[in-house]
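Trainee: Below you'll find the structure I mean.
The values are calculated or read from the model by the stated rules, or taken from the named source; none is laboratory data. Quick caveat, the model's predicted, so the values are computed rather than measured. Every residue, glycine among them, receives a Cβ derived from its backbone with ideal geometry; neighbour counts consider all protein chains shown. Note: areas computed on protein heavy atoms with side chains; ligands, DNA, RNA excluded. Shrake-Rupley method; radii C 1.70, N 1.55, O 1.52, S 1.80 Å.
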Amino acid sequence: MSQSAILIGPSILTADFLHLGDQLAEAEAAGVDYVHVDIMDGLFVPNISIGLPIVAAVRRATKLPVDVHLMMVDPERYVDAFAAAGADSLTVHVEATRHLYRTIQAIAAAGMTPGVTLNPGTPLLTVEPVLPIVGQVLVMSVNPGFGGQSFIPAALDRIRRLAEMIDATGREIAIQVDGGVNAATIAAVRDAGATKVVVGSALFDGASPVAAGMDRLRAALAG
Ligand code: DX5
Ligand code: ZN
């Protein structure tokens, strides 16, 4: 746990892949709570990122929870493979699978925490049917596909409405927010009800140390 009430997980999308082990060690030392891995297939999103061998390498390199975000069509094809690679949680898009409920069940059966997410243009109610069986809901606050984009302000209202939907279930479900989270936006995201954030370019920016980025986030949260 970091000092902040909200859990912070760096996305390795903008990390230096030539020195990924060092980057992860730096993040761990800076007090991040988990590691977020973005898998993009070039079809569901217009970009290709990384795949199973990197997830397995991240698993070997850190004791932190490994949280995998699948931006991939028909993600049910790879549930067991990501479990074998060492993912602790696996999040799929409602737009990407024809059998969302079955896919979520398969993720749980494979021993991972199931997560569901949705694009900024997808109605929030699409996640409601699986709230009884997920461990986290990820609110996308950018159009998925690239790091370094600007936060979409309408995400804040979606976080608030999702928090109400989750309250109504009586279940403990993490609300994770991904995209454009940085020192300028993190406090509003937390205040809206997020319990976990993904931070990409504000932690792995190719220039400043991860610890400096964490300091900026914590200062913003301390307000
Ligand atoms: C976007 C990814 C995000 C992204 C976050 O498709 O899901 O995890 O890497 O990067 P930033 O924080 O730079 O928006
Ligand atoms: Zn992500």
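Trainee: Please state which one of 56, 87, 25, 81 is within 16 Å of ligand 1 (Cβ to nearest atom) and either part of a helix (DSSP H, G or I) or touching a helix residue (DSSP H, G or I) at 6+ places or on another chain (Cβ under 9 Å) (or both).
Mentor: 87
Trainee: Hey, could you check segment 169-194 for residues that are within 22 Å of residue 114 (Cβ to Cβ) and away from ligand 2 (no atom under 16 Å from the Cβ) and say which is most open to solvent (accessible area, probe 1.4 Å)?
Mentor: This residue is 172.
Trainee: Residue under question is residue 148, and the condition is that it be open to solvent by less than 70 Å² (accessible area, probe 1.4 Å), in a loop (DSSP other than H, G, I, E, B) and within 14 Å of ligand 1 (Cβ to nearest atom); does it hold?
Mentor: The answer is yes for residue 148.
Trainee: Follow-up. Here's a check for you: in segment 129-145, which residue that is under 17 Å from residue 180 (Cβ atoms) and surrounded by fewer than 20 Cβ atoms within 10 Å (Cβ to Cβ) is nearest to ligand 2 (Cβ to nearest atom)?
Mentor: 145
Trainee: Residue under question is residue 55, and the condition is that it be touching a Pro at 6+ places or on another chain (Cβ under 7 Å) and crowded, with 19+ Cβ neighbours inside 10 Å; does it hold?
Mentor: No; evaluated as a whole, the condition is false for this residue.
Trainee: Could you please give the count of residues in segment 191-212 that are in contact (Cβ under 8 Å) with a residue 40 or more places away in the chain, more than 19 Å from residue 120 (Cβ to Cβ) and more than 11 Å from ligand 1 (Cβ to nearest atom)?
Mentor: Result for segment 191-212: 5.
Trainee: A further question follows. Inspect all residues belonging to segment 37-46 and state whether any of them is open to solvent by less than 10 Å² (accessible area, probe 1.4 Å) and touching an Asp or Glu at 6+ places or on another chain (Cβ under 8 Å).
Mentor: Within segment 37-46, one or more residues are open to solvent by less than 10 Å² (accessible area, probe 1.4 Å) and touching an Asp or Glu at 6+ places or on another chain (Cβ under 8 Å).
Trainee: Further, regarding this structure: Anything in segment 106-128 that is more than 18 Å from residue 144 (Cβ to Cβ) and open to solvent by 60 Å² or more (accessible area, probe 1.4 Å)? List them, or say none.
Mentor: Across segment 106-128, the qualifying residues are 109, 111, 113, 125, 128.
Trainee: In this structure, does residue 85 turn out to be more than 16 Å from the chain's Cα centre (by Cα), surrounded by fewer than 19 Cβ atoms within 10 Å (Cβ to Cβ) and more than 22 Å from residue 122 (Cβ to Cβ)?
Mentor: Judged against the criteria, residue 85 is not a match.
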